[in-house]
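Just so it is clear, none of the values below were taken in a lab; they were calculated from the coordinates. Predicted, not measured: the structure shown is a model, and the values here were computed from it. Virtual Cβ from ideal backbone geometry, glycine too; neighbours counted across all protein chains shown.
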Amino acid sequence: MEAHSGNALTIANYLEKHPRVEKVLYPGLPSHPEFALARRQMALPGGMITFFLNGGIDESRKFLEHCQLFLLAESLGGVESLIKHPAIMTHASIPAQIRRQSDSLQRQQ
C-alpha cells in the first residue's frame, strides 16, 4: 500500500501541474477539499485518482484512445491499472444536462 499510494501521489502531482488537466481530486494532495479529513482518517490515501481534462468529451475520447499504460474498464475492481470515463461508459444513459450539472458540482468542490 505504501508503494501504491506513493505512486498515486506522484501521478496526482504530475497531473495537477499538467496544462491539459483542469483539476485533480486525490485525498493525498493538499488541494483536495477534504485533505485534512483524509489525513485524520487514513493511514495512506490509496491509489484512486480523479482528474478532469480541459475540453470536453472529444478530448477525453482522444486521451483514452491513446492511453497505453492503463486498461479501459467499466469496473475499477481489478488489480490492474485501470481507467474509465463515466460519461461515455457507466453513466452514458444519464442525460447530458444532468451529467453536466453533476460535473459542475464536482468541479466546485
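Take E2, E16 and order them by how many other Cβ atoms sit within 10 Å, fewest up front.
The fewest-first ordering by Cβ neighbours comes to E2, E16.
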Fill in the blank from the handout: Taking r as the C-beta separation of L69 and E2 and R0 as 25 Å, the FRET efficiency to the nearest 0.05 is 0.75
Problem - Relative exposure of H4, H32, judged by other C-beta atoms within 10 Å (fewest first) - result: H4, H32
Completion exercise
Per the rule of 0.36 nm per residue minus the C-alpha distance, extending F52 to S81 adds in nm 8.6 nm
Completion exercise
Along the stretch 35-52, Karplus-curve 3J(HN,Hα) (6.51, -1.76, 1.60; θ = phi - 60°) to the nearest Hz, with x for Gly and Pro, reads 4, 4, 5, 4, 5, 6, 9, 10, 5, 9, x, x, x, 8, 10, 10, 9, 10
Problem - Residues in the stretch 41-64 that a label on Q97 would reach, taking backbone N under 20 Å of a point 7 Å out along Cα→Cβ - result: 57
Problem - Two-site label geometry, T10 and K62: point separation in nm, points 7 Å out along Cα→Cβ - result: 2.8
